[in-house]
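Written below as structure tokens is the structure these notes are about.
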Amino acid sequence: MNAANLRARVRAEMTEEIKQVALRHLATDGANLSLRAVARDLGMASSAVYRYFASRDDLLTALIIDAYDAVGEAAEKAAASQADPVERWVTITHAVRDWAIANPHKWALIYGSPVPGYQAPQDTVVPATRVIFALAGAVQAGLATGRITEVPPQPAGRFGEEMAAVAEQFGTGVPPHLVGGVMSGFIHLCGAISGELFGQLNNTIDEDREGFFEWQMRAAAAFAGLA
């Protein structure tokens, strides 16, 4: 291994170690992340950490992209395991829930309250849409195979025009109302998981939260057109 490759390997390992320490801080301190605190845990001078991440926001962005990619990968693997469009939708949502339960602090980072003072850069956009596009794939499969038997109400007014513009991103011939159904389903998915993780089901649904979740997700699939 030449010197350049060795330096790149050491840098990659150090970058990953910084991110792992930062994740531990997220678990205890929430999004109140401090590069100085991370450096202290690593036994480094804070100036050394700045050689890897120029600011707290750069470190947050790296953690956010990693989290979006991880949950997106889980959704895409689940999608690939099911041919039936309805079961694909349900399997995707369960995979996202499983990931969230295993990684509650990462879920809170990407789907919880916005971090004060942080503005997400363009780099986060593509990773952030992976779950949405996985769900959209289930609806597109339903459209292609004739499984779309019910549709949500047609969008009207200005938001209907906006929905039509969004629909163009999902492929030619995908009706705006189906895109709206996918987006509604995604919002329902995020709300259902966050409600469970953040204690909104306590003393109401305690013994079969997975069953309650699936009931919700099948209803969301039906609203999206997958009866």
Seminar exercise, completed: Considering segment 114-149, residues that are modelled with pLDDT of 90 or more and over 18 Å from the mean Cα position of the chain (by Cα), and then whichever is nearest to Leu60 (Cα to Cα), we arrive at Val139
Exercise. Looking only at segment 18-28, which residues are of a type outside the set (S, T, N, Q) and either within 21 Å of the chain's Cα centre (by Cα) or loosely packed, with under 15 Cβ neighbours inside 10 Å (or both)?
Worked result: Lys19, Ala22, Leu23, Arg24, His25, Leu26, Ala27
Exercise. Would segment 59-79 turn up any residue that is touching a residue at least 60 places away in the same chain (Cβ under 8 Å), among the acidic types (Asp, Glu) and open to solvent by less than 70 Å² (accessible area, probe 1.4 Å)?
Worked result: yes
Exercise. Out of (1) touching a helix residue (DSSP H, G or I) at 6+ places or on another chain (Cβ under 7 Å); (2) of a type outside the set (Lys, Arg); (3) open to solvent by 60 Å² or more (accessible area, probe 1.4 Å), what's the single condition that is false for Ala224?
Worked result: (3)
For this session: Answer yes or no: is there a residue in segment 150-157 that is outside any loop (DSSP other than H, G, I, E, B), modelled with pLDDT under 95 and out of contact with any Leu (no Cβ under 7 Å at 6 or more places or on another chain).
Result: yes
For this session: Please tell me if Ser194 is among the polar types (S, T, N, Q), in contact with a helix residue (DSSP H, G or I) (Cβ under 7 Å, 6 or more places away or on another chain) and under 17 Å from Ala134 (Cα atoms).
Result: no
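The values are calculated or read from the model by the stated rules, or taken from the named source; none is laboratory data. The shown structure was predicted, so the numbers you read here are calculated from the model rather than taken from an experiment. Cβ sites come from the backbone with ideal geometry, for glycine too, and all protein chains shown count toward neighbours. All accessible areas refer to the heavy atoms of the entire protein, side chains included, with ligands and DNA or RNA removed. Shrake-Rupley method; radii C 1.70, N 1.55, O 1.52, S 1.80 Å.
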